[in-house]
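Asker: Handing you this structure, nothing more for now.
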Amino acid sequence: MVTINPNLDLNVIKQHYAEDDRTRIPNILPDETAQEVFSALNKSDAFDYAYVKDGRPALLSPSETAAMSPEAQHEMRKKIVQLGSQGVGYLYGRHLIDEQSEALFQAVKAWLNSAETLNMIRQVTGKDDIALASAQATKYMPGHFLTRHQDVHDTEKRRLAYVLNLSPNWHPDWGGLLQFFENDGTPRDAWSPLFNSLSLFDVRHIHSVTYVTPMALTPRVSITGWFRAS
């Protein structure tokens with residue numbers, strides 16, 4: 001069973017969120033649980049490649065990728081990088097957490113949707129209409145990235161984006177930073193992945209995940225999604 005760390009000071013977290021509609025909660029889970037989830041994510045091969053093709057989100061399974069010729073893979077990667085150079089698109093490993101997922105991943109999603117967690121998120125952010133959370137596991141390898149964007153989506157009624165960071169000992173020089181921007185595109189500050197932390201921010205914040213460099217010794221793994229109104 002996944003539970004919240006009982007030692008969190010929600011008043012401090014609430015004050016920090018109120019400053020800029022974003023916050024990062026360290027030690028969100030008991031350390032043993034976070035280590036267990038990290039290990040499962042790191043070992044899992046249930047990740048598709050998420051990218052943009054012809055202006056639309058696309059997924060490619062590992063088996064589909066393996067069936068492609070080296071030339072076809074090179075051409076696909078070339079197109080992804082060309083779009084990225086124009087500030088469009090992304091490339092990373094993605095696994096939508098659903099009833100077919102590993103039991104531990106389902107447990108994390110259930111925890112995110114528990115009354116305890118949803119009440120905490122409403123208390124911290126003041127967004128009283130939050131009713132559920134979506135969840136996907138992500139794995140960023142060297143060469144992966146996510147260009148800058150907002151997460152506003154009226155149909156899905158997204159209120160908050162979240163990133164449950166699960167990569168221990170991540171070095172900022174490896175890239176994979178959660179980069180924030182002003183509305184005019186000027187870079188603000190960036191958050192390096194902090195193991196066992198929950199990053200929360202209003203969906204109106206412009207953000208990206210910076211390019212993961214060849215120096216990265218481990219994948220950047222996390223569980224991400226949105227807290228939404230019903």
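Asker: In the range 1-99, which trypsin sites (Lys or Arg not before Pro) fall in coil by DSSP and have 10 or fewer other Cβ atoms within 10 Å?
Answerer: Answer in residue order: no site qualifies.
Asker: Roughly what angle does helix 103-112 make with the longest principal axis of the chain, taking Cα atoms, 0 to 90 degrees, to the nearest 10?
Answerer: Around 50 degrees separate the two axes.
Asker: So what is the relative contact order for the range 44-112, in percent, with contacts set as C-alpha pairs under 8 Å and at least six apart?
Answerer: Numbers: 55 pairs, mean separation 24.5, N = 69.
With pairs under 8 Å counted, the relative contact order is 36 percent.
Asker: What is the sum of charges, Lys and Arg at +1 and Asp and Glu at -1, for the other residues whose Cβ falls under 14 Å from the Cβ of TRP170?
Answerer: Net charge around TRP170: +2.
Asker: Does anyone have the angle between helix 115-125 and the longest principal axis of the chain? Alpha-carbon axes, 0 to 90°, nearest 10?
Answerer: Value to nearest ten degrees: 90.
Asker: In Å³ and rounded to a whole number, note down the convex hull volume per residue for the Cα atoms of the range 84-188. Each step should come with its number before you reach the end.
Answerer: Numbers: hull volume 16.9 nm³, N = 105.
Enclosed volume per residue, from the Cα hull, is 161 Å³.
Asker: Helix-only mean residue ellipticity at 222 nm, the chain, DSSP H runs n ≥ 4 weighted -39,500 (n - 2.57), per residue, nearest 500. What is it? Walk me through the intermediate numbers first.
Answerer: On the way: 6 runs with 67 residues, N = 230.
The helix contribution divided over the chain gives -9000 deg cm²/dmol.
Asker: With only alpha-carbon pairs counted, each pair once and no self-pairs, how large is the Kirkwood hydrodynamic radius of the range 115-154 in angstroms?
Answerer: On the way: mean 1/r = 0.0760 Å⁻¹.
For the range 115-154, the Kirkwood estimate is 13.2 Å.
Asker: Can you give me the Cα centroid spacing of the range 69-122 and the range 1-57 in angstrom?
Answerer: 13
Asker: How much of the calculated P(r) for the range 1-101 lies past 15 Å, in percent of all Cα pairs?
Answerer: On the way: 3769 of 5050 pairs.
The calculated P(r) of the range 1-101 puts 75 percent of pairs beyond 15 Å.
Asker: Convert 20 °C to kelvin, take the viscosity as 1.002 mPa s, use the Kirkwood radius over C-alpha pairs of the chain as Rh, and evaluate the Stokes-Einstein diffusion coefficient in µm²/s, rounded to a whole number.
Answerer: On the way: Rh = 18.2 Å.
This corresponds to a translational diffusion coefficient of 117 µm²/s.
Asker: Could I ask something else about it? Pairs of alpha-carbon atoms within less than 8 angstrom and 6+ residues apart define the contacts here; what relative contact order does the chain have, in percent?
Answerer: So the answer I get is 26 percent.
Asker: Please give the net charge around MET68, taking every other residue with its beta carbon less than 11 angstrom from that of MET68, where Lys and Arg add +1 and Asp and Glu add -1. Numbers along the way, then the final one.
Answerer: Numbers: positive: ARG77; negative: GLU64, GLU71, GLU75.
Around MET68, the charge tally is -2.
Asker: Right, here's the next one. Taking Cα atoms, how many degrees apart are the long axis of helix 10-20 and the longest axis of the chain, rounded to 10 and kept between 0 and 90?
Answerer: 50
Asker: So which lysines pass the test for LYS43, namely a Cα distance under 16 Å, with those fewer than 8 places away in the same chain ruled out?
Answerer: By straight Cα distance, LYS43 reaches LYS139.
Read-outs: derived from the displayed coordinates by stated rules, not from any lab. All of these numbers come straight from a predicted model, not from anything done at the bench. Virtual Cβ from ideal backbone geometry, glycine too; neighbours counted across all protein chains shown.
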